[in-house]
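The values are calculated or read from the model by the stated rules, or taken from the named source; none is laboratory data. Note that the structure is a prediction, hence the values are computed from the model and not measured. Neighbour counts run over all protein chains shown; Cβ positions are idealised from the backbone, glycine included.
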Amino acid sequence: MAQEKKELTIEQLLQEMTKEFGSEPETMRLLSQLNEEAVFEHSANKMFAMKGQIPPKYKLLMSLAISAALGYEHCIDTYAKVATRKGISKEEIMESILLARFVKATTVISASTSTMHKLVNGFE
């Protein structure tokens, strides 16, 4: 990423993000005013995360699902917008969100296992 930082100015990096998102990345613009290096670091982390064997489409849908499970509305909107711009269907986007809903519900039930044991066997 250090090489990319030397090749791109902060304005150029933000312009690249704008092209990808279809609108100015407000959070990154604000962060750039407070700590430019953090924006470059964030960009490097994204580049690292997007490498590998999982196709970018699936990584984008996974990012959307994770954001939904964590309840980060701004990220959900951003990932859904990028997904739409990349040709991912509304149905695939909704399926990703519904999968996140199922997984999050499962974690609630799973986290309650100890309490369910106590309810069945008594609190001691």
**OP:** State all residues of the stretch 62-92 that are of a type in the set (A, V, I, L, M, F, W, C) and crowded, with 20+ Cβ neighbours inside 10 Å; if no residue qualifies, say none.
**Re:** 64, 65, 68, 76, 80, 83
**OP:** Look at the stretch 54-92 and say how many of its residues are closer than 20 Å to residue 26 by Cα and basic (Lys, Arg).
**Re:** 2
**OP:** Filter the stretch 1-59 down to residues that are at pLDDT below 95 and acidic (Asp, Glu) and give me whichever is farthest from residue 89 (Cα to Cα).
**Re:** 7
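Residue by residue, here is whether (1) closer than 22 Å to residue 85 by Cα; (2) in the same structural domain as residue 99 (by TED's automatic domain parsing); (3) part of a helix (DSSP H, G or I) holds:
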{"position": "18", "(1), (2), (3)": "yes, no, yes"}
{"position": "24", "(1), (2), (3)": "yes, no, no"}
{"position": "27", "(1), (2), (3)": "yes, no, yes"}
{"position": "41", "(1), (2), (3)": "no, no, yes"}
{"position": "60", "(1), (2), (3)": "yes, yes, yes"}
{"position": "64", "(1), (2), (3)": "yes, yes, yes"}
{"position": "67", "(1), (2), (3)": "yes, yes, yes"}
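Which of the residues belonging to the stretch 80-124 are in a helix (DSSP H, G or I) and small (Gly, Ala, Ser)? Even if it seems obvious, please write down each step before you answer.
Let us first name the residues in the stretch 80-124 that are in a helix (DSSP H, G or I), namely 80-85, 90-111, 113-121.
Within the stretch 80-124, 80, 83, 96, 100, 105, 110, 111, 114 meet the criteria.
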